[in-house]
Amino acid sequence: MILGKYNIQVNAIGPGYFITDLTEKLVNDPEFNRWVQSEVPLKRWGVPEELIGTAIFLASDASNYVNGHTVYVDGGWQASL
């Protein structure tokens, strides 16, 4: 079913490696932490606050013509694959 005719946009946020309670063990694992810092182009983990702008954009009228996309907020990781 095409939902655009009902002004419904279907988009997603694709987060990369973020520091959260659920990733605490990975952040504290020296080997995995080094791997993230070497593989992510920005050389660091993201923090949840860095998702706010993307969420606001997708929830606002500024994204009315954006449909069927995943916006990756991942420090450039997807672009480097």
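Structure notes:
- Residues whose placed amide H lies under 5 Å from that of Y17, excluding near-sequence neighbours: G46
- Structure-derived mean projected area of the Cα convex hull in nm² - corresponding label in (1) 4.8; (2) 5.9; (3) 6.7: (3)
- Listed residues L22, L58, L42, most fluctuating in the chain (Gaussian network, C-alpha, under 10 Å): L22
- The chain: most fluctuating residue of P48, P30, P15 per GNM, C-alpha cutoff 10 Å: P30
- Rounded to whole numbers, the Karplus 3J(HN,Hα) couplings from phi for segment 40-55 are 7, x, 7, 6, 6, 7, x, 10, x, 4, 6, 8, 4, x, 5, 5 Hz, using 6.51 cos²θ - 1.76 cosθ + 1.60 with θ = phi - 60°, and x at Gly and Pro.
- ³J(HN,Hα) computed for each position of segment 8-18 - Karplus, 6.51 cos²θ - 1.76 cosθ + 1.60, integer Hz, glycine/proline x: 10, 9, 10, 9, 9, 9, x, x, x, 7, 10
- Linear extension gain, K5 paired with L42, 0.36 nm per residue minus alpha-carbon span: 9.4 nm
Read-outs throughout are calculated quantities, based only on the coordinates presented, and are distinct from any laboratory measurement. Treat the numbers as computed from the prediction; the structure is a model and nothing was measured.
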